[in-house]
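Undergrad: Quick one: this structure, given as structure tokens, is what I'll be asking you about.
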Amino acid sequence: MEVYVDRDAFLKGLQMVHNVVEPRQTLPILANVLLETDKDTLRLTATDLEVGARVSVPAKVATGGSVTLSARKLLEIVKELPAAGLSLKVQENSWVAMRCGGASYKLVGLSASDFPAVATGAASAWITLDGKVLRDMLTQTIFAVSHDDREMRLVATDGHRLALVSRPLAGDTAAVSGIVPRKAVQEIARIVGSGEDVQVAISDNQFILQMPNVLLMARLIEGTFPNYEQVVPKAHPHKIVVSRAALTAALRRVSVLSEERTKPVKFTLSPGLLKLTAYSPDFGEAEEQIEVQYAGEELTIGFNSRYVLDALGAQDSEQVVIELKDGLSPGIVKSFEEEGSLCVIMPMRI
């Protein structure tokens, strides 16, 4: 194989696929990126056997072929190269000669025949949507992913909180669903840009996303997703409207003195006021009051402050709405201005 590519285009492709590669691999080949020619392009593929990513880079192909190189080391090198033409030539025993400007390298490679097969991304039905819409939906839900009508709906939960966002879709598409692994969700949020259409599909136990010159695939998680509709409270008589920035700042200040592991903060509501309190037996206690729009009876409830801050950070509006039923039931955080997204947070006994 002998190919010539633009260094900047090659770097962008490497940056889009290298995060799929896990730092520690049981199989050495999985630490590598597959480079293979395809007509007038050089395809870059990485996989950890659960998630796979493939990017095509325009290339002048002198001799077709394929090889694999260390994804981490290749990225480190290409980052330092000048913006110029870059050549790759496979030599004996999968060694690769790389030149760019006045720099030249000889890199140890592994045979492409040992690289695991990555699906082609074929699907019977695709959903097309704007990249910004998808990225915004992911931003509003990804924080709640566990570490362990015609619409598109994203839901994430870790058992302590649940984030949901839905957006209308154009056209007629059969209803499909699947549980996408956290790593794939993070990669989608990282590579999808604004102003470009993306296509997504669920086919043969696999999630597929494609856009021009980019293909990302992920094996769906087996099992049944929790019945999230039962978790979302239907009756919440206590409604608070508050400045997102003011609540975020106050919560950060008060939570400094909350217990480190679960970061509990007590929310005490009275007409027009929200009082936040935290206590640590080792360091002391903190209290702050902020003005809110609330006209109900006094109510006290405890939340993990990290979860509330994550939910606030996922909103774009200046004001947010907090809906509560009582001191022992889950609370809802959502935008004051935008419909279709919310976060449910389980309460804590404080």
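Undergrad: Binned at 10 Å from 0, what are the whole-percent values of the Cα-Cα distance distribution for the range 35-126, short to long?
TA: Going from the shortest bin to the longest, the percentages are 14, 46, 31, 8, 1.
Undergrad: Restricting attention to the range 313-350, which trypsin sites (Lys or Arg not before Pro) occupy a DSSP loop and are surrounded by at most 14 other Cβ atoms within 10 Å?
TA: Arg349
Undergrad: Considering only protein heavy atoms and a probe of 1.4 Å, how much of the accessible area of the chain is carbon and sulfur, as a whole percent?
TA: Carbon plus sulfur share of accessible area: 49 percent.
Undergrad: Within the range 226-292, which trypsin sites (Lys or Arg not before Pro) sit in a loop by DSSP and count at most 11 neighbouring Cβ atoms inside 10 Å?
TA: Lys234, Arg261
Undergrad: Which of the lysines could a cross-linker bridge to Lys39, judged by Cα under 23 Å and excluding same-chain residues fewer than eight apart?
TA: Candidates past the 8-residue exclusion: Lys12, Lys60, Lys89.
Undergrad: A further question on this structure: Sticking with the crude label model, points 7 Å out along Cα→Cβ, report the distance from Phe283 to Ile202 in nm, one decimal please.
TA: 4.2
Undergrad: Taking the Cβ of Phe336 as the center, what net charge do the other residues with Cβ under 14 Å away carry, scoring Lys and Arg +1 and Asp and Glu -1?
TA: Summing Lys/Arg as +1 and Asp/Glu as -1 gives -3.
Undergrad: Taking the Cα centre as origin and putting +1 on Lys and Arg beta-carbons and -1 on Asp and Glu beta-carbons, what dipole magnitude results for the range 221-315, to the nearest 20 debye?
TA: 200
Undergrad: Tell me which lysines have Cα within less than 29 Å of Lys239's Cα, excluding those fewer than 8 residues away on the same chain?
TA: Output for Lys239: Lys263, Lys266, Lys275, Lys325, Lys334.
Undergrad: Next up: What FRET efficiency would be calculated for the residue pair Glu229, Asp48, taking the C-beta separation as r and a Förster radius of 56 Å, to the nearest 0.05?
TA: E(calc), rounded to 0.05, equals 0.95.
Undergrad: A further question on this structure: Ordered by packing density, taken as the mean number of other Cβ atoms within 10 Å over each peptide's residues, highest first, how do 280-287, 27-34, 82-89 rank?
TA: Peptide ranking by packing, descending: 27-34, 82-89, 280-287.
Undergrad: Return the ratio Rg/(2.2 N^0.38 Å) for the range 154-216, where Rg is computed over Cα atoms only.
TA: Relative to the 2.2 N^0.38 Å estimate, the range 154-216 comes out at 1.22.
Undergrad: Give me the Debye-computed log₁₀ of I(q)/I(0) at q = 0.09, 0.10, 0.14 Å⁻¹ for the chain, equal point scatterers on Cα only, no solvent, two decimals.
TA: Result of the Debye calculation: -0.63, -0.73, -1.07.
Undergrad: If r is the Cβ-Cβ distance from Lys132 to Tyr105 and R0 is 45 Å, what FRET efficiency results, to the nearest 0.05?
TA: With a Förster radius of 45 Å, E is 0.70.
Undergrad: Continuing with this model, one more query. Using a Förster distance of 22 angstrom, determine the FRET efficiency expected from the C-beta separation of Leu328 and Ala246, and round it to 0.05.
TA: Here the calculated transfer efficiency is 0.25.
Undergrad: For the range 219-350, restrict the atom set to alpha-carbon positions and state the Rg and Dmax in Å.
TA: Over the range 219-350's Cα set, Rg and Dmax evaluate to 15.1, 50 Å.
Undergrad: Summing -39500 (n - 2.57) over the DSSP H runs of n ≥ 4 in the chain and dividing by its residue number, what mean residue ellipticity at 222 nm do you reach, to the nearest 500 deg cm²/dmol?
TA: One gets -5500 deg cm²/dmol as the mean residue ellipticity at 222 nm.
Undergrad: Then there's this: Return the whole-Å distance between the Cα centroid of the range 271-291 and the Cα centroid of the range 81-102.
TA: 61
Undergrad: Another question, if that's okay. Given charges of +1 on the Cβ of Lys and Arg and -1 on the Cβ of Asp and Glu, with all other atoms neutral, how large is the dipole of the chain about its Cα centre, in debye to the nearest 20?
TA: Computed about the Cα centre, the dipole is about 720 debye.
The values are calculated or read from the model by the stated rules, or taken from the named source; none is laboratory data. What you see is a predicted model, and the numbers here were worked out from it, not measured in a lab. So basically every Cβ, Gly included, is an ideal-geometry build from the backbone, and we count neighbours across all protein chains shown. All accessible areas refer to the heavy atoms of the entire protein, side chains included, with ligands and DNA or RNA removed. Shrake-Rupley method; radii C 1.70, N 1.55, O 1.52, S 1.80 Å.
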